[in-house]
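The next block holds one structure in the form of structure tokens; read it before the comments.
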Amino acid sequence: SVSATADNPISAEYVIRVPSAYYMYPAADLLGPEGTTPGKYTFDAVEGENGYLKYVPRTSVLDPSEQFLVDGDLTIEVDLRVVMDKAPELPTWSPSNTVCTDMLKKLEAADDDTADVVFQVKRGTGAKQTEETELMYAHRLILEIRAPALAALAEEYADKTPIPIDDVGCDLFRIILRFVYGGEIPRQGVLQDKARSLVIAADKFGCTGLKLAAEAELAAAGVNADNAAELILFADGASCAMLKEAAMDFFVSNSEAVMASDGYAQVQESVGIMHELLAAAMTNGNKKRAAPTGPDDRDYKLMRVSQLRKMLDSKGLDVDGSKEMLISLLEEADWGGVN
């Protein structure tokens, strides 16, 4: 127990009553120390405070009509609750998580002595690609955990044997490796400039997080009448469900403008995409229906891709792929009882 002192005051909330005379002398009629009313009071054992200043006269206590005494006994009940003041917040500090930066340092320090995987990557990209190559080093164990597709490629070669990377330039492949090691997403300017190339490269090497970040950047850059048809085709080929959804939504709302664009002729060549556009136009109004209220009130086909991905992520399932693939995964999870 702790005693109240001037340096260590204790606050308490209290109610005092005499049960037998409760209605004649309710607690609110009693005055606390120094004339305070019953309720919260701070006890600090300051000299001169000796309790209550207002007392019930002895004659009243002994008067049977006052009902203080029961069989000659006086019973006083006190409800007391100590109020603990919130402790002051002490200045604290904890170190930041350095796992990602440490992993990137591991990548940057990799060389022929410390790494067991060597990639031989061509300089430049696309038409600007040259026959000059650059060696990039990695570690098989990390690739197995973070980039299975790259690890599988490395399995085809002996340790430290240069693995040719012909269709992805040095700049893009370096971004891939930095994502694999440290989860690093390039700054927005780089992401904007290389979004499509990153989608393709990240998809090829199984870097889902990087692919989805680049896809989101493409969608955020805006869909318009000039690029909608082209984006529909690109997103369909790269299984970018969210980008495809955004481009198709734009088509449904601006079909005449999109149909007049240069890219629409290629869209017409795909029977499957034309069917999807027709279905999207027919069900567009239903997408605005109320959100499902339970497991039995779900129609995955009417949900947005972002909703499907969120549900898959909460179940620990893959969030990459076409909308049809996402729906299939959720339905399989439902049948299999995955929570």
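With a cut-off of at most 12 other beta carbons within 10 Å, and DSSP calling the residue loop, which chymotrypsin sites (Phe, Trp or Tyr not before Pro) in region 91-200 qualify? Please list them.
Trp93
Under unit Cβ charges (Lys, Arg +1; Asp, Glu -1), what dipole magnitude, rounded to 20 debye, does region 138-253 have relative to its Cα centre?
380 debye
Let me see the pair-distance distribution of region 108-187: every alpha carbon pair, 10 Å bin width, integer percents in order.
Histogramming region 108-187 at 10 Å steps yields 19, 53, 27, 1 percent.
Determine the shape class of region 100-242: with a ≥ b ≥ c the square roots of the Cα gyration tensor eigenvalues, call it rounded for a/c under 1.5, and otherwise prolate if a/b is greater than b/c, oblate otherwise.
Cα axes put region 100-242 in the prolate bin.
Would you please classify the overall shape of region 214-266 from the alpha carbon gyration tensor, given that a ≥ b ≥ c denote the square roots of the eigenvalues, rounded means a/c under 1.5, and beyond that prolate means a/b larger than b/c while oblate covers the rest?
Taking the square roots of the gyration eigenvalues as a ≥ b ≥ c, region 214-266 is prolate.
Which far-off residues, 5 or more places away or on another chain, put their amide H under 5 Å from the one on Val117, with H placed in the peptide plane?
Long-range HN contacts for Val117: Ala138, Arg140, Lys160.
Through the Karplus equation 6.51 cos²θ - 1.76 cosθ + 1.60, θ set to phi - 60°, convert the phi angles of region 72-81 into ³J(HN,Hα) values in whole Hz; use x for Gly and Pro.
For region 72-81, the Karplus curve yields x, 10, 9, 10, 10, 9, 10, 9, 10, 10 Hz.
Values quoted throughout were computed directly from the atomic coordinates according to the rules given, and no laboratory measurement underlies them. This is a predicted model, so every value here is computed, not measured. Note that we place each Cβ from the backbone using ideal geometry, even for glycine, and neighbour counts take in every protein chain shown.
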